[in-house]
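Each remark here refers to the structure printed beneath this line.
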Amino acid sequence: MEEYTNKGDKDTRSGFGEGLTELGRNNNNVVALCADLTGSLKMNDFAKENPNRFIQVGVAEANMIGIAAGLTIGGKIPFTGTFANFSTGRVYDQIRQSIAYSSKNVKICASHAGITLGEDGATHQILEDIGLMKMLPGMTVINTCDFNQTKLATIAIADHIGPVYLRFGRPKVPNFTSENFDFKIGKGIILKEGKDVTIISTGHLVWESIEASKKLEEIGISSEIINIHTIKPLDEEIIIRSAKKTNAVVSAEEHNFLGGLGESVSRTLSTNYPVPQEFVATNDTFGESGTPFELIKKYGLDSDSIVESVKKVISRKK
């Protein structure tokens, strides 16, 4: 397997910005809408290069969703941009009624997701958005792990017909995946093969899982790491195949354990190949203000927490 190393810290929102800019140069049907956060979403270059295909809606997220839905009727491919909290919780009714119900081809692009939003605090740190979005019929849900993967996902969703929720973050994190990878919606990636436990992770916790795997090797535990960038549709085949090899699973995500990736993995295992599973996720709580990585540690989402969950799930193996 490829050795995954940090190629330099970069924020995933910049990957979205670069992907959107590239789309603007190559696809005249791509339009972008933003709710007064152009700089934060890294949409400046697209707006500068395509002034007739960029709509600054202002602090009016519900209107943004409605406008985006309308644009699809004329064959446009709208990408909406704001914080994850405002992309989902604030406008859930509009998404459900105007986009999901009629399967409009809107790409809901959500930055500053999870607890690593940091100092802005609990009112902005949405930890339930994956659950909200994956329960909408026909909605594709993608949660990327680094700059390169976010850029590739942004480009890929333009070719996907139907609504998409693309979730990414604010802080600079290790950029470790290949910039030339063939990103396929709905296909998980085995980052490392192992025999004792399967670690299934998404978003920022993919890197934490890689770091955890190194610590586990030092104590004689061989871990298999699966990067699940697409939470819906879920790559059940890769999960079941790995579980049959290791007979123990840990899921890891920057999200509430209720409604997130872990629950989707649990459903897959319980209906196909039941094995012990432990959840690395927030424990049904809101966040608080703090630096991103202080919060990751406090809320039990760091590599050390993954190691402890691995030890626990291995102790439950028959």
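A few notes on this one:
- Only residues that are more than 14 Å from HIS204 (Cα to Cα) and acidic (Asp, Glu) were counted across the range 132-171, and they come to 1.
- Against the conditions (1) among the β-branched types (Val, Ile, Thr); (2) surrounded by 15 or more Cβ atoms within 10 Å (Cβ to Cβ); (3) assigned to a helix (DSSP H, G or I), THR271 satisfies every one except (2).
- Hey, PHE293 in a helix (DSSP H, G or I) and either touching a residue at least 12 places away in the same chain (Cβ under 8 Å) or outside the structural domain of THR123 (by TED's automatic domain parsing) (or both) or not: yes
- VAL280 satisfies every condition listed in (1) part of a loop (DSSP other than H, G, I, E, B); (2) hydrophobic (A, V, I, L, M, F, W, C); (3) touching a strand residue (DSSP E or B) at 6+ places or on another chain (Cβ under 7 Å) except (1).
- Residues in the range 117-131 that are surrounded by fewer than 24 Cβ atoms within 10 Å (Cβ to Cβ) and under 16 Å from THR202 (Cβ atoms): GLU128, GLY131.
- Per-region count, the range 191-227, residues of a type in the set (Gly, Ala, Ser) and either assigned to a helix (DSSP H, G or I) or surrounded by fewer than 24 Cβ atoms within 10 Å (Cβ to Cβ) (or both): 6
- Residue in the range 204-216 that is outside the structural domain of CYS109 (by TED's automatic domain parsing) and polar (S, T, N, Q) present: yes
The values are calculated or read from the model by the stated rules, or taken from the named source; none is laboratory data. Bear in mind the structure is a predicted one, so any value in this text is a computation, not a measurement. FYI the Cβ positions are ideal-geometry reconstructions off the backbone, even for glycines, and counts take in every protein chain you see.
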